[in-house]
Amino acid sequence: MTVGVWTELVEQLRGKEYTFGLLTPTTPRHRIEFDDGLTLSESIAIERRYGFLFPPDLRAFLQTALPVGER
């Protein structure tokens, strides 16, 4: 996916509600939030620190926007 496609997807998801776990009338609702994406140097540093490589599509997503929150 291209950066433009990821950007569009992030904007569609931003602020949307979701539930996690067993669904009951009292299950809390969470909102999808994003911070600025990782820089290229940050993603390279993470890969080196933990000894793996991000797949290209995941790298592109995480450089577009970084999901944040409790879940």
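How much accessible area per residue does the chain have, in Å², with a 1.4 Å probe?
78
Specify the residue with the greatest mean-square fluctuation among PHE54, PHE34, PHE20, computed from a Gaussian network of the chain linking alpha-carbon atoms under 10 Å apart.
Highest fluctuation of the listed residues: PHE20.
Within the set of other residues whose C-beta is less than 14 Å from the C-beta of ARG14, count the net charge using Lys and Arg as +1 and Asp and Glu as -1.
So the environment of ARG14 carries a net charge of -4.
Using just the helices of the chain, give the 222 nm mean residue ellipticity in deg cm²/dmol: DSSP H runs with n ≥ 4 each add -39,500 (n - 2.57), and the total is spread over all residues, rounded to 500.
-13000 deg cm²/dmol, from helical runs alone.
How high is the relative contact order of segment 20-71, given as a whole-number percent (alpha carbon pairs under 8 Å, six or more residues apart)?
48
Cβ under 14 Å from LEU53's Cβ, LEU53 left aside: what net charge do those residues give with Lys, Arg +1 and Asp, Glu -1?
In short, +1.
Express in nm, to one decimal, how much length is gained between HIS30 and GLU42 on full extension, taking 0.36 nm for each residue of separation and deducting their alpha carbon distance.
Extra length available between HIS30 and GLU42 comes to 1.6 nm.
The values are calculated or read from the model by the stated rules, or taken from the named source; none is laboratory data. Since this is a predicted model, take the numbers as computed values, not measurements. In this analysis, Cβ positions are derived from the backbone assuming ideal geometry, glycine residues included, and neighbour counts consider all displayed protein chains. Ligands, DNA and RNA are excluded from the accessible area calculation, which covers all protein heavy atoms including side chains. Shrake-Rupley method; radii C 1.70, N 1.55, O 1.52, S 1.80 Å.
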